[in-house]
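Trainee: Pasting in a structure now, in structure tokens, and then I'll have a few things to ask.
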Amino acid sequence: MQLKVAKGFLALLVLGIAFSACQKNEEPVPVPPLKDYRDGSNLFTIHLPDGWPISTQPGKVWVYNSNDAANKFFDPSTGKPGVKIYAYAEEAGAKKLDDYVQSFKDELRQEQAQIDPDMQTTLAGNPAIKIPYSLKVDSKNTIYSYRVMTVVDSMLYGYEVAGFNDFYKVYKNVFDSVESTYHIVPKAVQQAQLPENLIPSTTLTTYQNEYYAIQYPDNFTAQTKKVSGDILASEYMQGYRADCTIQIDVLDAKNLNVDKVFEQNKGKYPNVSGTEKIKIDGLDAYRIDYSPVRDILSRAYFVVKNNKVIRVTLNWYKPMQNDYLPAFEKTVASLRLK
């Protein structure tokens, strides 16, 4: 079921980053500032809450109001209650909207979800069907949700929200506001030439903090992430494609050397295709190659200096490896530790 895939993917991409998820579930939550998001496959655009943890695949995007919430959707025994927003688009072929509605309901029944009656609605101005449902995950927590689907020009477009317990109600204004911004990119535009910054620039710019200095493509945007716990610093870099990213995390090494750090972490990565002991800035380091989901390749590097772990995570779209990987490898080669 899509819910499970989405949760697992985000947990892998934001591994180790913690956000606070405390929320008094009484008053409606004000709509936060929204930021324009364009799907990496150029299928749709949507305005998403700025600063919310984000996970992407081609044609799909998930955001959560906190990383604690993301962890709880992934494993209800962990994290803290919160909400999720999911938007997607895919080729429909000869399938009709009713086919997708029935297939989704079949998935929900397998999860023993409570399905409420369908509702006629619209998505991006097109006739759509809304499927409300709920899923009791344990004695204290129920996920309330709905999914809206429409088929336009042989493409399926969807929007889904979910919230634990009262979070679902208090975030209603946020859900509605984001849904109202969903825009379908016309087929003619989808097939048009994508912007120049789709590919990493060969010109590099420098980011540095108290722990390291690193160079990255100058048509990428760098964003400093909020951190807590063992995470001391986190920087996220992205170009046009939201599934092609660089993330540098600084963690407390807890007096462990790089060999022990890697041994503790290597089992957390799925579909591993190889590992290698290498050098970064003259220090022993490790590299692990893996694939979190289909068509996305990833690589994580671990190096330790001054009792700090520097972890660099790369993600790129497999069909564009020749465009992205050389630029990303130059970025890693430029890393200088302080």
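What follows is calculated from the coordinates using simple rules that are stated; it is not laboratory data. Fair warning: this is a prediction, and the values are worked out from it, not measured in the lab. Heads up, the Cβs are rebuilt from the backbone with ideal geometry, glycines too, and the neighbour counts pull from every protein chain shown.
Trainee: What does the extension gain come out to for GLN120 and SER201, with contour length at 0.36 nm per residue minus their alpha carbon separation? Before the final figure, lay out each step's value.
Mentor: Values: separation 81, 0.36 × 81 = 29.16 nm, distance 4.57 nm.
This chain segment gains 24.6 nm when fully extended.
Trainee: Now for a different question. Quick one: if you stick a label point 7 Å off each Cα along the C-beta vector at SER228 and LYS169, how many nm between them?
Mentor: Placing both labels 7 Å along Cα→Cβ, they lie 2.5 nm apart.
Trainee: With the calculation restricted to Cα positions, what are the radius of gyration and Dmax of the stretch 196-337 in angstrom?
Mentor: In order Rg, Dmax, the Cα atoms of the stretch 196-337 give 14.4, 45 Å.
Trainee: In addition: With the crude spin-label approximation of a point 7 Å out along Cα→Cβ, what separation in nm comes out for ASP36 versus GLU90?
Mentor: 2.8
Trainee: What spacing in nm lies between the two simple spin-label points modelled at SER139 and ASN307, each 7 Å away from Cα in the Cβ direction?
Mentor: 4.3
Trainee: Separate question: Based on the alpha carbons, how large is the Rg to Rh ratio for the stretch 2-190 when Rh follows Kirkwood? Don't skip to the answer; put the middle values down first.
Mentor: Working: Rg = 15.8 Å, Rh = 16.8 Å.
Using Cα coordinates only, the ratio equals 0.94.
Trainee: Something else now. Using only C-alpha atoms and all pairs of different ones, pull out the Kirkwood radius for the stretch 113-218 in Å with one decimal.
Mentor: One decimal place: 17.6 Å for the Kirkwood radius.
Trainee: Relative to the longest principal Cα axis of the chain, at what angle does helix 2-13 sit, 0 to 90 degrees, rounded to 10?
Mentor: For helix 2-13, the angle is close to 20 degrees.
Trainee: In Å, the Kirkwood hydrodynamic radius of the chain over pairs of distinct alpha carbons? Mind dumping the intermediate values first?
Mentor: Values: mean 1/r = 0.0473 Å⁻¹.
After inverting the mean inverse Cα-Cα distance, the result is 21.2 Å.
Trainee: Using Cα atoms only, what is the angle between the long axis of helix 321-333 and the major principal axis of the chain, expressed in degrees (0 to 90) to the nearest 10?
Mentor: 40
Trainee: Report, in deg cm²/dmol and to the nearest 500, the calculated mean residue ellipticity at 222 nm for the chain, where each DSSP H run with n ≥ 4 adds -39500 (n - 2.57) and the sum is divided by the residue count.
Mentor: Details: 8 runs with 71 residues, N = 338.
Rounded to the nearest 500, the figure is -6000 deg cm²/dmol.
Trainee: Now for a separate question. What dipole magnitude, in Debye to the nearest 20, does the stretch 2-190 give about its Cα centre under +1 on Lys/Arg Cβ and -1 on Asp/Glu Cβ? Intermediate values should be presented prior to the final figure.
Mentor: Working: 20 positive and 22 negative charges, 49 e Å.
With only Lys, Arg, Asp and Glu charged at Cβ, the dipole is about 240 debye.
Trainee: Hey, another quick one. Using alpha-carbon positions, what is the distance between the centroids of the stretch 314-338 and the stretch 224-271, in Å?
Mentor: Here the two parts' Cα centres lie 15 Å apart.
Trainee: With r as the distance between the Cβ atoms of ASP99 and ALA188 and R0 = 45 Å, compute the FRET efficiency 1/(1 + (r/R0)^6) and round to 0.05. Before the final figure, lay out the partial values.
Mentor: Numbers: r = 26 Å, r/R0 = 0.57.
E(calc), rounded to 0.05, equals 0.95.
Trainee: Can you compute the label reach from ASP295? Point 7 Å from Cα along the Cβ direction, backbone N cut-off under 19 Å, restricted to the stretch 83-127.
Mentor: Counting only backbone N, you get 86-95.
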